[in-house]
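Visitor: One structure is given below, represented as structure tokens, and several questions about it will come after.
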There are 2 protein chains.
Amino acid sequence: MNLKKLSEELGLSQTTVSRALNGYPEVNEKTRARVEAAARQFNYSPNSRAKGLATGRSMMIGHVIPRSSQHEMVNPIFGDFVAAASEALAAHDYGMMFARVDNQRIDAAYTAMQSNGTVDGVILQGPAVEDERIRFLNTLGLPYVVHGRSSGVTEPYSWVDVNNTRAFGRATEFLVQLGHTRIALLNGVEKMDFATRRRKGYLTALGAAGLSARPDHMASSEMTEPYGFRQAKEMLAAPNPPTAFLVASLITALGVRRAIQDMGLVMGRDVSVITHDDDLSYLGNGEDVPIFTATRSSVRLAGEIVAEALIDRITDPTTPPTNRLLEAELVLGGSTGPAP
Amino acid sequence: MNLKKLSEELGLSQTTVSRALNGYPEVNEKTRARVEAAARQFNYSPNSRAKGLATGRSMMIGHVIPRSSQHEMVNPIFGDFVAAASEALAAHDYGMMFARVDNQRIDAAYTAMQSNGTVDGVILQGPAVEDERIRFLNTLGLPYVVHGRSSGVTEPYSWVDVNNTRAFGRATEFLVQLGHTRIALLNGVEKMDFATRRRKGYLTALGAAGLSARPDHMASSEMTEPYGFRQAKEMLAAPNPPTAFLVASLITALGVRRAIQDMGLVMGRDVSVITHDDDLSYLGNGEDVPIFTATRSSVRLAGEIVAEALIDRITDPTTPPTNRLLEAELVLGGSTGPAP
DNA sequence: CGTCATTTTCAAAGCGCTTTGGAAAGCGAT
DNA sequence: ATCGCTTTCCAAAGCGCTTTGAAAATGACG
């Protein structure tokens, strides 16, 4: 069923039917009711490509994912982020699509998406420090919002980010207050912007407490479970081991806990652990009492806000870039205690 | 830049330019080269909506996700599955899109997607037992492939699945061989088809070994970490505790391990654990030596195969449904040992 | 009852592409 | 020079929708 047939069926012109269905005022309410009834009856829904061709809008949001890196999509937060974002988009009749693209073809992919008209805007996830994609998107003029920020990019752009510096700063301060002086950092890959900021928060807080950072108590890697296990074990086995760990992700923290237990130590008594917790739906941090003391920030909330911000940008691209800094909460769990 | 301008630029008709770019034979190779050069120079890429309108193809694959359930998307395997599938699709110039939809509107969403022409086919993930969506899609005539199967659906349909029954059957047999007689099952939600099959494999193998299943040694739930912890702890604390656990997911297995350690027991010595492992990229099962003995099956591989199968169905919808049963391998890790 | 303003509807153009049905050009054979 | 065949190109229709500009219907009013 298409517009033409439907309008013939109704004995009306395509114009009127189209207007009736799209809520234009210049159509009699009675006619509108008739049209809507018929549309339902014949199960009519307008062809999205034709509609897009006529309006110049695709009602689709793009998500370009660099293939080379594992930092996205095959990344635990991806599902939750996308779920929330696509739900928020759907509320405004936007869809969401992905393209997994070779690292060196990313610019081409964005360009194509724009001139193609396949999308009205894009979400940029997991920005690195000085991320080139941001500059490129600025020159392109395709609406976008960044989930995260990119240190070193001076031109304005829209972003939604967690206050990673502050979160890890507070976590470090908290450990210091508990009497810890040897605090290790198991960070994510530090070319990623969020990891850089966390490191900064950690270092600044250490400095403020008059403690100096030890290179052998800092690591940076993909946030896997074995990474946490290996690093924690190594550091704990060395002389002057850390009495506390600041860990970049819940999954890595699970590895740290395994290492602690493996060495016959007790987490929260012998060794304290604070992790960042993205509040993933399938990977809870315990139930009523959190297992880990954590800097928590919902990635679903971020997804929602990103989606809303992007729609705003699309509907009015002339507005100045919007920025939104979310604070992580520091939730107390069983993994921290006074320094032994 | 659009076709019209490009053809004017070249002094050729739109027909010729279009044919040149789409590899049709009725155009001189010299002209084709000229056209291609110009297309590159002017950075021309055809408007996908217009192309779709003209061809009737959208070059897009849909993925409808029921909002009510947490079984998908916000599900740890989602990212890996989608990454692999969308990569395979991209190789054939297909994109992939999502729609998160209220549970009761799923049929409507599929219908709309089809009559809309927004997608050429859909992927159906996480089928339940007797999943109604399959029947509906059959009546609709929209090409699709199921990731998983649905017991109780008799009509033919295309699917790609892991041999869950066999995997859990083998795992159970293996535990029996090790001398275990009290083997607990921490299953996923049993309205999900994969969980039902795993249960069947478990029960059949127990029966074959002359062992009877104990209701208090079987649980079924969302596969979270706390679920594994709570259930394992409870079962281990009861009289005649299990000496082995068969667990539905790596994340849940982490909870089981935590419970075992929490009770001062040693995994692999006092209590054996076998888990299913989807081989997720961000959640490795140890490094060289797996932590857990596991039934392993790559969800990325499944994603690839699903994508290929779907493209086949779209290009030739008359072919009979294709089915593909992947065998899980049983990999030996440190979590199993002879019954104490 | 005629006039004018307002409401309601319509015909047709246009969005950017593919594709059909021809026409023109090229070329070897007669 | 002509014919027949292939190669190369083109004009125009059509995909299903929105939207402009205009016409028809309706209503208010003197």
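Where a number appears in this text, it was derived from the coordinates with a stated rule and is not lab data. The structure displayed is predicted, hence computed values, not measured ones. Here Cβ is always computed from backbone atoms with ideal geometry, including for glycine, and neighbour counts include all displayed protein chains.
Visitor: Which one of B:213, B:334, B:303 has its Cα pushed farthest toward the positive end of the charge dipole of chain B, where Lys and Arg give +1 and Asp and Glu give -1 at the Cβ?
Guide: B:303
Visitor: Another question, then. Express as a percent, rounded to the nearest 5, the fraction of DSSP beta bridges in the protein assembly as shown (both residues included) that run antiparallel.
Guide: Values: 11 of 83 bridges.
The answer is about 15 percent antiparallel.
Visitor: Still on this structure: Of A:307, A:54, A:99, which has the largest mean-square fluctuation in a 10 Å C-alpha GNM of chain A?
Guide: Between A:307, A:54, A:99, it is A:54 that shows the largest mean-square fluctuation.
Visitor: Sticking with this one: Which of the trypsin sites (Lys or Arg not before Pro) found in the stretch A:225-311 are in a DSSP loop and have at most 15 neighbouring Cβ atoms, other than their own, within 10 Å?
Guide: On the way: sites: A:230, A:233, A:257, A:258, A:269, A:296, A:300; in loops: A:269.
For trypsin sites (Lys or Arg not before Pro) across the stretch A:225-311 that sit outside H, G, I, E and B with at most 15 neighbouring Cβ atoms in 10 Å, the list reads A:269.
Visitor: When a footprinting reagent is the concern and you count Cβ atoms within 10 Å, what order do A:312, B:120, A:93, A:216 take, fewest first?
Guide: Details: A:312 15, B:120 23, A:93 8, A:216 12.
Placing the least packed residue first, the sequence is A:93, A:216, A:312, B:120.
Visitor: Using all C-alpha to C-alpha distances in the stretch A:133-213, build P(r) with 5 Å bins and read off the rounded percent in each one.
Guide: 3, 15, 21, 19, 13, 10, 8, 6, 3, 1, 0
Visitor: Taking just the alpha-carbon atoms of the stretch B:173-224, what radius of gyration and Dmax come out, in angstrom?
Guide: Rg, Dmax (Cα atoms, Å): 11.1, 31.
Visitor: OK, next. What residues have an amide H closer than 5 Å to that of residue A:185, excluding those fewer than 5 places away on the same chain, when H is modeled at 1.01 Å from N in the peptide plane?
Guide: A:218, A:219, A:246
Visitor: Under a plain spin-label model, where a point goes 7 Å from the Cα along Cα-to-Cβ, how far apart in nm are residue B:42 and residue A:33?
Guide: Each label point lies 7 Å from its Cα, and together they span 5.2 nm.
Visitor: Note down the magnitude of the dipole of the protein assembly as shown about its Cα centre, charges +1 on Lys and Arg C-beta and -1 on Asp and Glu C-beta and zero elsewhere, to the nearest 20 debye.
Guide: Working: 68 positive and 74 negative charges, 114 e Å.
Dipole of the protein assembly as shown, to the nearest 20 debye: 540 debye.
Visitor: Counting only helical runs of four or more DSSP H residues, what would the 222 nm mean residue ellipticity of chain A come to if each run contributes -39,500 (n - 2.57) and the total is spread over all its residues?
Guide: Numbers: 12 runs with 144 residues, N = 340.
Roughly -13000 deg cm²/dmol at 222 nm, from the helical runs in chain A.
Visitor: A further question on this structure: Say each of residue A:155 and residue A:135 gets a label point 7 Å from the Cα, pointing the same way as Cα to Cβ; how far apart are those two points in nm?
Guide: About 0.9 nm separates the two model spin labels.
Visitor: Going through the cross-link list A:5/B:4; A:4/B:5; A:51/B:30; B:5/B:30, which pairs have a Cα-Cα distance over 27 Å in this structure? It would help to have the intermediate numbers written out before the result.
Guide: On the way: A:5/B:4 30 Å; A:4/B:5 30 Å; A:51/B:30 37 Å; B:5/B:30 20 Å.
Table pairs above 27 Å Cα-Cα are A:5/B:4; A:4/B:5; A:51/B:30.
Visitor: Long-range amide H contacts for residue A:277: which residues qualify at under 5 Å (H placed 1.01 Å from N, peptide plane, sequence gap of 5 or more or a different chain)?
Guide: Placed amide hydrogens put A:295, A:296, A:297 under 5 Å from residue A:277.
Visitor: Further question: Going by how many other Cβ atoms sit within 10 Å of their own, how do B:262, B:107 line up, fewest first? Show your work: numbers first, answer last.
Guide: Numbers: B:262 13, B:107 16.
Least crowded to most crowded, the residues run B:262, B:107.
Visitor: Residue by residue through A:215-225, how many Cβ atoms from other chains fall within 10 Å of the Cβ on average? Please list the in-between numbers first.
Guide: On the way: counts 0, 0, 0, 0, 0, 0, 0, 3, 1, 6, 9.
The mean count of partner-chain Cβ atoms within 10 Å per residue comes to 2.
Visitor: Compare A:108, A:167, A:84 in a GNM of chain A, Cα atoms joined below 10 Å, and give the one with the largest fluctuation.
Guide: Fluctuation is largest for A:108.
Visitor: What is the local net charge at residue B:108, summed over the other residues whose Cβ is closer than 15 Å to its Cβ (Lys, Arg +1; Asp, Glu -1)? Please list the in-between numbers first.
Guide: Details: positive: A:40, B:67, B:100, B:105, B:133; negative: A:93, B:102, B:107, B:132.
In short, +1.
Visitor: Now for a different question. What residues of the stretch B:97-112 lie in the reach of a label at residue B:191, counting those whose backbone N is under 13 Å from a point 7 Å from the Cα along Cα→Cβ?
Guide: B:103-104
Visitor: Per the Cauchy relation, a quarter of the hull surface: what is the mean projected area of the convex hull of the alpha carbons in chain B, in nm²? Working shown, then result.
Guide: Numbers: hull surface 83.5 nm².
The directionally averaged projection comes out at 20.9 nm².
Visitor: Quick one: what are the phi-derived ³J(HN,Hα) couplings along the stretch A:286-292, Karplus 6.51/-1.76/1.60 with θ = phi - 60°, whole Hz, x for glycine and proline?
Guide: Karplus-based 3J(HN,Hα) across the stretch A:286-292 equals x, 10, 5, 9, x, 5, 9 Hz.
Visitor: OK, next. Please list, or write none, the aspartates and glutamates whose alpha carbon is within less than 18 Å of the alpha carbon of residue A:233, excluding same-chain residues fewer than 8 places away.
Guide: A:216, A:222, A:225, A:262, A:270, B:287, B:288
Visitor: Restricting to DSSP loop positions (anything but H, G, I, E, B) with no more than 11 other Cβ atoms inside 10 Å of their own Cβ, which GluC sites (Glu not before Pro) remain in the stretch A:15-109?
Guide: Details: sites: A:26, A:29, A:36, A:72, A:87; in loops: A:26, A:72.
When the GluC sites (Glu not before Pro) of the stretch A:15-109 are filtered for loop state and at most 11 Cβ neighbours within 10 Å, A:26 remain.
Visitor: Another question, then. Taking 7 Å along the Cα-to-C-beta vector as the label spot, tell me the residue B:9-residue A:269 distance in nanometres, rounded to one decimal.
Guide: Placing both labels 7 Å beyond Cα along the Cβ direction yields 7.4 nm.
Visitor: For the stretch A:177-294, rounded, prolate or oblate, judged on the Cα gyration tensor with a ≥ b ≥ c (square roots of eigenvalues), a/c < 1.5 rounded, else prolate if a/b > b/c?
Guide: Values: a/c = 1.38, a/b = 1.13, b/c = 1.23.
Rounded shape, in that the Cα axes give a/c under 1.5.
Visitor: In whole percent, what relative contact order does chain A give with Cα contacts below 8 Å and a gap of six or more residues? The partial results should precede the final answer.
Guide: Numbers: 628 pairs, mean separation 57.9, N = 340.
Reported as a whole number, the value is 17 percent.
Visitor: Per residue of the stretch B:263-276, what does 6.51 cos²θ - 1.76 cosθ + 1.60 with θ = phi - 60° give for ³J(HN,Hα)? Whole Hz please, x for Gly and Pro, Karplus curve as stated.
Guide: After applying 6.51 cos²θ - 1.76 cosθ + 1.60, I find 8, x, 9, 10, 6, x, 10, 7, 9, 9, 9, 10, 10, 7 Hz.
Visitor: Let me ask something else. Can you tell which of B:18, B:48, B:115 shows the greatest fluctuation in a Gaussian network model of chain B with Cα springs below 10 Å?
Guide: B:18
Visitor: Under the definition of partner shielding as Cβ atoms of other protein chains within 10 Å of a residue Cβ, what is the mean value for peptide B:90-96? Show your work: numbers first, answer last.
Guide: On the way: counts 7, 1, 0, 0, 0, 9, 6.
Counting other chains' Cβ atoms within 10 Å and averaging over B:90-96 gives 3.
Visitor: To the nearest whole percent, what portion of all C-alpha pairs in the stretch B:1-74 is separated by more than 17 angstrom? Can you show the working numbers first?
Guide: Numbers: 1467 of 2701 pairs.
Everything past 17 Å amounts to 54 percent.
Visitor: Separate question: Amide H neighbours of residue B:100 under 5 Å, counting only residues 5+ apart in sequence or on other chains, H built in-plane at 1.01 Å?
Guide: Excluding prolines and chain starts, which carry no amide H, the hits are B:65.
Visitor: Now, a different point. Against the empirical 2.2 N^0.38 Å scaling, what ratio does the C-alpha Rg of the protein assembly as shown come to? Before the final figure, lay out the partial values.
Guide: Values: Rg = 27.6 Å, N = 680, 2.2 N^0.38 = 26.2 Å.
In units of the globular-protein estimate, the protein assembly as shown measures up at 1.05.
Visitor: Additional query: Let a ≥ b ≥ c be the square roots of the eigenvalues of the Cα gyration tensor of the stretch A:225-340; is it rounded (a/c under 1.5), or, if not, prolate (a/b larger than b/c) or oblate? Intermediate values should be presented prior to the final figure.
Guide: Values: a/c = 3.00, a/b = 2.63, b/c = 1.14.
Note, shape of the stretch A:225-340 comes out prolate.
Visitor: Still on this structure, please answer the following. Please report the relative contact order for the stretch B:139-272, taking Cα pairs under 8 Å with a sequence separation of at least 6, and give it as a percent rounded to a whole number.
Guide: Numbers: 201 pairs, mean separation 31.6, N = 134.
Computed value for the stretch B:139-272: 24 percent relative contact order.
Visitor: Under the definition of partner shielding as Cβ atoms of other protein chains within 10 Å of a residue Cβ, what is the mean value for peptide A:112-121? Before the final figure, lay out each step's value.
Guide: Values: counts 4, 3, 1, 9, 7, 6, 8, 2, 0, 0.
Per residue, the average neighbour count from other chains is 4.
Visitor: Relative contact order for the stretch B:1-133 using alpha-carbon pairs under 8 Å, separation at least 6, rounded to a whole percent?
Guide: Details: 134 pairs, mean separation 33.9, N = 133.
Rounded, it is 25 percent for the stretch B:1-133.
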